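Visitor: Following this message is one structure expressed as structure tokens.
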Amino acid sequence: GAGVSQSPSNKVTEKGKDVELRCDPISGHTALYWYRQSLGQGLEFLIYFQGNSAPDKSGLPSDRFSAERTGGSVSTLTIQRTQQEDSAVYLCASSLTQGASSPLHFGNGTRLTVT
Amino acid sequence: QKEVEQDPGPLSVPEGAIVSLNCTYSNSAFQYFMWYRQYSRKGPELLMYTYSSGNKEDGRFTAQVDKSSKYISLFIRDSQPSDSATYLCAMSEVNTDKLIFGTGTRLQVFP
């Protein structure tokens, strides 16, 4: 079956522009996560969606970052007025249920470069 | 101080060697411990999962958790060039949905 799909795989944008990153989770997975991976920094939690509950936005680094999940499936991460420090790989993951005992399945990420 | 510390490497070993990868952590509430493997330009994939203390073995891989020392390890026996990847530890408290990751250790196994 299909895994987590992310698009685009690579994105180069100019500083100050807005970008949208898309994530298609595994069908039937109720939980969806966004992480950011910077060189030497590991994976940084950004936001978490579980079913119809309010998302956990505690990891979003600034109000330029937002995310939505439509119909409990596809998710979009939007970064407004991009800055060079936003350059990173943005990883999406889904899991069958909520809770740390449910393994995360990651996509291959979107590599964002802000020039 | 980060909640989870992991040596970034790179760790370079010959084929057939036993590899030891480690993480330390500061949060005594962590109960779930995982190891993810990440190949270049790919997303992480779950390798091993352990709840609380103890050992878990799966083929050539063994995960150990020592909660008294706040220290977890992943051992790879008979390492292969195909094991060359970045290994990330991750951990979580009970009743939370957020995994905290280490920075990852890059492993290179040469023939």
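The values are calculated or read from the model by the stated rules, or taken from the named source; none is laboratory data. Everything numeric here is computed off the predicted structure, so don't read it as measured data. Every residue, glycine as well, gets a Cβ built from its backbone with ideal geometry; the counts of neighbours run over all protein chains shown. With ligands, DNA and RNA removed, areas are computed over all heavy atoms of the protein, side chains included. Shrake-Rupley method; radii C 1.70, N 1.55, O 1.52, S 1.80 Å.
Visitor: Accessible area per residue, 1.4 Å probe, Å², for the protein assembly as shown: what's the number?
Guide: 48 Å²
Visitor: Mind checking which aspartates and glutamates have their C-alpha under 18 Å from B:LYS42, skipping anything on the same chain fewer than 8 residues away?
Guide: Of all the aspartates and glutamates, those that pass the test against B:LYS42 - Cα under 18 Å, at least 8 places apart if same chain - are A:ASP24, A:GLU44, B:ASP83.
Visitor: Taking a probe of 1.4 Å and counting only protein heavy atoms, give the total accessible area buried between chains A and B in Å², rounded to the nearest 100.
Guide: 1700 Å²
Visitor: I need to check one value: relative contact order of region B:22-88, counting alpha carbon pairs closer than 8 Å and at least 6 residues apart, in percent.
Guide: The value is 35 percent.
Visitor: Here's another thing I want to ask about it. Would you mind getting the Kirkwood hydrodynamic radius of the protein assembly as shown from its Cα pairs, rounded to one decimal in Å?
Guide: Result for the protein assembly as shown stands at 18.1 Å.
Visitor: Can you tell me the dipole magnitude for region A:45-115 around its Cα centre, using point charges on the Cβ only (Lys, Arg +1; Asp, Glu -1), in Debye to the nearest 20?
Guide: 80 debye
Visitor: Just to confirm my numbers, what's the Cα centroid distance between region B:89-111 and region A:1-80 in Å?
Guide: 19 Å
Visitor: At a cut-off of 20 Å², which residues of region B:14-56 become less accessible once all protein chains are present than in their chain alone, using a 1.4 Å probe?
Guide: B:TYR32, B:TYR36, B:GLN38, B:ARG41, B:LYS42, B:GLY43, B:PRO44, B:LEU46, B:TYR49
Visitor: Are there any residues in region A:40-65 with a reduction of at least 40 Å² in accessible surface when going from the isolated chain to the assembly of protein chains? Probe 1.4 Å, please list them by number.
Guide: Correct list: A:LEU43.
Visitor: Cross-link candidates for A:LYS57: which lysines have Cα within less than 18 Å, leaving aside residues fewer than 8 places away along the same chain?
Guide: Hits, sequence-local ones excluded: B:LYS98.
Visitor: With unit charges on the beta carbon (Lys/Arg positive, Asp/Glu negative), name the residue among A:LEU32, A:ILE47, A:ASN108 whose Cα is farthest towards the positive pole of the charge dipole of region A:30-115.
Guide: A:ASN108
Visitor: Quick one: net charge around B:LYS70, please, counting Lys, Arg +1 and Asp, Glu -1 for every other residue with C-beta under 14 Å from its C-beta.
Guide: Neighbour charge sum, excluding B:LYS70 itself: -2.
Visitor: Report the accessible area of A:ASP63, computed with a 1.4 Å probe over the heavy atoms of all protein chains in place, in Å² rounded to the nearest 10.
Guide: 130 Å²
Visitor: Straight-line reach only, C-alpha to C-alpha below 15 angstrom: list the aspartates and glutamates that A:LYS11 could link to, leaving out same-chain residues fewer than 8 apart.
Guide: Correct list for A:LYS11: A:GLU20, A:GLU85, A:ASP86.
Visitor: With a 1.4 Å probe and all protein chains left in place, how much of the accessible area of the protein assembly as shown comes from carbon and sulfur atoms, in whole percent?
Guide: Its accessible area is 46 percent carbon and sulfur atoms.
Visitor: Can you compute the modelled spin-label distance between A:THR70 and B:PHE110, with each label point 7 Å from Cα toward Cβ, in nm?
Guide: Computed distance between label sites A:THR70 and B:PHE110 equals 5.1 nm.
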